[in-house]
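Report on one structure; see the data block that follows.
The values are calculated or read from the model by the stated rules, or taken from the named source; none is laboratory data. Predicted, not measured: the structure shown is a model, and the values here were computed from it. Heads up, the Cβs are rebuilt from the backbone with ideal geometry, glycines too, and the neighbour counts pull from every protein chain shown.
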Amino acid sequence: MTFSPSASTGPTCSAPGFIQPVKGVRSMTGWYQAFYTILTPVSPVIRTLFPGIATTTSAVGRAMIRLGLEVYTKPIVTTRDINLLASET
């Protein structure tokens, strides 16, 4: 879980599901990296079919920036919310 202070509504908690590393991000945990490497070819399909459980490191970053700059009324930000926030930038 990640906590981010929001402009006027208090802390916001995000609870993302599967986060696919992109743009050269690699896990320092070997078996995590092996898992990500195996899933890389199918991760776009997973994100398309299941937008409520899968996102990318880039989308998480864009969403966290928006949460820090804007008022967001939901106390818990789901993976679907992260993808929505990231796509509106």
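Tabulated results
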read-out	value
Residue list for segment 43-62, filter: farther than 17 Å from R26 by Cα and either touching a residue at least 40 places away in the same chain (Cβ under 8 Å) or in a loop (DSSP other than H, G, I, E, B) (or both)	F50, P51, G52, I53
Count - residues of segment 71-89 that are of a type in the set (D, E, K, R) and at pLDDT 85 or above	2
Meets criteria (loosely packed, with under 13 Cβ neighbours inside 10 Å, modelled with pLDDT under 90 and not in a strand (DSSP E or B)) for G68	no
